[in-house]
Amino acid sequence: MNELVFFINNVIIAGSVTGSIYAIGAIGVTLIFSIMRFAHFAHADMMTFGAFMVLLLTTLFPAAGASIGVPTALVMLPLAMLLTATLAVGIDKAFYKPLRVHGVKPIVLVIGSLGVTLMLQGLIRLFSGTGGQSLYVDDRKEIFRLALPFEGARAPIVITEPQLYLFVITLVAVVALHVFLNRSRLGKAMRAMSDNPELAQASGINTNTIVAVTWVIAGGLAAIAGTLLSLDVTFKPDLSFFLLLPIFAAAIVGGVGHPYGAIAGGFVVGFAETLAVFNWNVLLRPFRDSLPTWLELPSNLAFVGTEYKIVVPFFILVAILVWRPTGLFKGKVIQ
Amino acid sequence: MSLTMSSTTPLLEARDVHGGYGGMNILNGVNMALQTHEVGVIVGPNGAGKSTMLKAVFGLLNVTQGEILLNGQPIHNLPPNKLVERGMGFVPQEKNVFPSLTVKENLEMGTYLKPQNVKRMLEQVYAFFPPLVEKRHQPAGELSGGQRQMVAMGRALMAEPSLLLLDEPTAGLSPLYMNEIFDRVKQINAAGVGILMVEQNAKQALAIADKGFVLAAGQNRFTDTGAALLADPDVAKSFLGG
């Protein structure tokens, strides 16, 4: 029974947390690709920027959350989303739009976004320092322990307060995006432009408006992903940058340009990571007596060590590009 | 005087239009005039610049010399979305639907600039293309070629254009659908929409044309009524395969 609890804590909950963050990040990447047709490498640092804005605002007004009983960081999240969206629109105007107007190849935009990522990282480091800082400036991180009503289940299921918020906010963001894309006039125009940009223009859709809306959504989602990640662990200026590979793997696994695919891809990569580093020895322990005696189980039966977790999305990425380049859902093939 | 001027101002007029892609001229002086009640058809051999001329009218091509007028107003080098605002509709030959959007969503995109008209125009377009009604919640990418052409024309009609540009609307369709599309074109024109279309099926197209423009090497070779062009032995010999 305790082994099952261990599995729930270390795979189900941990995988959902990682998967949610990858999913929200991958949705942004996939939306930008579907409208502007380039891989936006600065996305991870937009996430960091969003989290940093939350950190700044929380430090400025540490008591804002206490009055309504939620962490101050969450109260500041909408404002940080707005700031990150503004930054995203500004970056597009300053760096990507001039390139687009010249009709450059997508690879030039990709390299441009690498430049933006270096610039953002430098800027954030300049103001935040290089160390880690908790987004819980003035509040305490609640930890919930749910005891299972079974006999022999001594270990509780552990879930922290930011993880609960993470699940709720992910769900809300996904539902809101679904409604926007399928019900609103602007959302449908966005899908139309993703399908066929020339025809969208021939229908009178102002493509500049759609591009701006895409950046607003991508910036807002990036702020959510970065903040939720920093709430779960701590804020570090390079925290999100290391998520770039799994996020791109998630977007490609799901099928590039496919928002629902990005969600699925996020959870596939998230769970693959947690399953790969999970110590399977724990689950075999109850059956130890019935195993043949010549079989000696090593104490750690994980596929890869935690420190090599990053190879998992890398492997998934290579595998999907080799065997199914369009992704799980039929997405666009990056050329 | 001004009254008589306006009554004779063509819906669309092209004067000595030159243009092409990337410095290479494909159009070398095309002239056209079309009234609202007319169907104009552009025919000619491959590479004559037929589709290029249509794209020039819709602002998808840089016009380097000459001018294009809509209701007497110069429009060359205006972007397509501005031309849609001025009452022009364009149905490209290929990629003329949004494949992942449903039929209904495709049509809605046609009234993107006038969302208040969506309901009224949807009813009109469904009445005009009844086969689309039962397919309305299906992605347009799953439809047959003929149904896609209906969606594409329907999307353009949703904006209530005064001039509709069609690029080879019958390309790749079976003869049955081909006649259906030509009938529809005549009906749309009868409802007060000027039509300018490019066609490979020159004989059938000229048969419904009020004006025919035979292009060769980016210039008008023959310009006359559709019936006169069909009867002209020179046109028949060089462009209609005997």
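Name every residue in segment A:270-286 that is under 26 Å from the mean Cα position of the chain (by Cα) and either farther than 19 Å from A:Phe167 by Cα or in contact (Cβ under 8 Å) with a residue 60 or more places away in the chain (or both), in order of residue number. Break it down into steps so the answer makes sense when it comes.
Residues of segment A:270-286 under 26 Å from the mean Cα position of the chain (by Cα): A:270-279.
If the condition is that a residue be under 26 Å from the mean Cα position of the chain (by Cα) and either farther than 19 Å from A:Phe167 by Cα or in contact (Cβ under 8 Å) with a residue 60 or more places away in the chain (or both), then A:Gly270, A:Phe271, A:Glu273, A:Thr274, A:Leu275, A:Ala276, A:Val277, A:Phe278, A:Asn279 are the ones that fit.
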>> Can you find, within segment A:110-133, the residue that is nearest to A:His40 (Cα to Cα) among those that are touching a Phe, Trp or Tyr at 6+ places or on another chain (Cβ under 7 Å) and of a type in the set (Gly, Ala, Ser)?
In response: A:Ser113
> Of the residues that sit in segment B:80-130 and are in a loop (DSSP other than H, G, I, E, B) and surrounded by 20 or more Cβ atoms within 10 Å (Cβ to Cβ), which one is farthest from the other protein chains (Cβ to nearest Cβ)?
Replying inline: B:Phe129
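Quick check on A:Ala200: is it over 19 Å from the mean Cα position of the chain (by Cα) and surrounded by 14 or more Cβ atoms within 10 Å (Cβ to Cβ)? Explain how you work it out, then say what you get.
Working: over 19 Å from the mean Cα position of the chain (by Cα): yes; surrounded by 14 or more Cβ atoms within 10 Å (Cβ to Cβ): yes.
For A:Ala200, the condition - over 19 Å from the mean Cα position of the chain (by Cα) and surrounded by 14 or more Cβ atoms within 10 Å (Cβ to Cβ) - is met.
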> Say we look at segment A:242-261 and pick out the residues that are buried (at least 20 other Cβ atoms within 10 Å of the Cβ) and out of contact with any Phe, Trp or Tyr (no Cβ under 9 Å at 6 or more places or on another chain); which of these is farthest from A:Phe314 (Cα to Cα)?
Replying inline: A:Pro259
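Among the residues of segment A:223-230, is there at least one that is in contact with a helix residue (DSSP H, G or I) (Cβ under 9 Å, 6 or more places away or on another chain), of a type outside the set (Ser, Thr, Tyr) and surrounded by fewer than 20 Cβ atoms within 10 Å (Cβ to Cβ)? If you could, list the steps in order and put the result at the bottom.
Going through segment A:223-230, the residues in contact with a helix residue (DSSP H, G or I) (Cβ under 9 Å, 6 or more places away or on another chain) turn out to be A:223-230.
Adding the requirement that they be of a type outside the set (Ser, Thr, Tyr) leaves A:223-226, A:228-229.
From what is left, the residues that are surrounded by fewer than 20 Cβ atoms within 10 Å (Cβ to Cβ) are none.
The answer is no; no qualifying residue exists.
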> So A:Thr170 clears everything in (1) modelled with pLDDT of 90 or more; (2) surrounded by fewer than 22 Cβ atoms within 10 Å (Cβ to Cβ); (3) more than 14 Å from chain B (Cβ to nearest Cβ) except one condition, right? Which one?
Replying inline: (2)
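Kindly evaluate A:Phe6 against the criterion of being touching a residue at least 40 places away in the same chain (Cβ under 8 Å) and at negative phi.
Values: touching a residue at least 40 places away in the same chain (Cβ under 8 Å): yes; at negative phi: yes.
The answer is yes for A:Phe6.
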>> Residue under question is B:Leu230, and the condition is that it be free of Cβ contacts under 8 Å to residues at least 40 places away in the same chain, touching a Lys or Arg at 6+ places or on another chain (Cβ under 8 Å), of a type in the set (A, V, I, L, M, F, W, C) and part of a helix (DSSP H, G or I); does it hold?
In response: yes
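Restricting attention to segment B:156-184, report how many residues are on the phi > 0 side of the Ramachandran plot and within 12 Å of the chain's Cα centre (by Cα).
The initial filter retains those residues of segment B:156-184 that are on the phi > 0 side of the Ramachandran plot, namely B:160, B:168, B:172.
Subsequent filtering for residues that are within 12 Å of the chain's Cα centre (by Cα) retains B:168.
So the answer is 1.
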>> Let me confirm something: among B:Gly212, B:Gly172, which residue is under 18 Å from B:Pro45 (Cα atoms), among the small types (Gly, Ala, Ser), part of a strand (DSSP E or B) and away from chain A (no Cβ under 14 Å)?
In response: B:Gly212
> Just one of the numbered conditions (1) assigned to a loop (DSSP other than H, G, I, E, B); (2) under 21 Å from the mean Cα position of the chain (by Cα) is not true of A:Val304; which one?
Replying inline: (2)
> Any idea which of (1) within 23 Å of the chain's Cα centre (by Cα); (2) within 14 Å of chain B (Cβ to nearest Cβ) is the one A:Ser230 doesn't satisfy?
Replying inline: (2)
> Which pairs do you get when a residue that is on the phi < 0 side of the Ramachandran plot, found in segment B:124-140, comes within reach of a residue that is loosely packed, with under 15 Cβ neighbours inside 10 Å, reach meaning Cβ atoms under 7 angstrom, with the pair 6+ apart or on two chains?
Replying inline: B:Tyr126/B:Val133; B:Pro139/B:Pro99; B:Ala140/B:Pro99
> When you look at A:Ile247, is it more than 21 Å from A:Val29 (Cα to Cα) and modelled with pLDDT of 90 or more, yes or no?
Replying inline: no
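Considering each of A:Arg191, A:Arg185 in turn, give the residue that is more than 24 Å from the chain's Cα centre (by Cα), modelled with pLDDT of 90 or more and within 30 Å of B:Glu142 (Cβ to Cβ).
Details: A:Arg191 fails: more than 24 Å from the chain's Cα centre (by Cα).
It is A:Arg185.
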>> What's the number of the only condition in (1) touching a helix residue (DSSP H, G or I) at 6+ places or on another chain (Cβ under 7 Å); (2) at pLDDT below 90; (3) farther than 29 Å from B:Met32 by Cα that B:Ser174 fails to meet?
In response: (1)
>> Given the condition more than 18 Å from B:Glu160 (Cα to Cα), away from chain A (no Cβ under 12 Å) and not in a strand (DSSP E or B), answer yes or no: does some residue in segment B:62-75 qualify?
In response: yes
>> Can you name every one of the helices (runs of 4 or more DSSP H) wholly within segment A:144-261 that holds 3 or more residues which are under 30 Å from A:Asn9 (Cβ atoms)?
In response: A:161-183, A:207-232, A:244-254
> Which numbered condition trips up B:Val185, out of (1) closer than 18 Å to B:Gln200 by Cβ; (2) within 14 Å of chain A (Cβ to nearest Cβ); (3) aliphatic (A, V, I, L, M)?
Replying inline: (2)
> Restricting the search to segment B:43-61, which residues are on the phi > 0 side of the Ramachandran plot and within 14 Å of chain A (Cβ to nearest Cβ)?
Replying inline: B:Gly59
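The values are calculated or read from the model by the stated rules, or taken from the named source; none is laboratory data. Bear in mind that the values here come from a model prediction, so they are computed numbers and not experimental data. In this analysis, Cβ positions are derived from the backbone assuming ideal geometry, glycine residues included, and neighbour counts consider all displayed protein chains.
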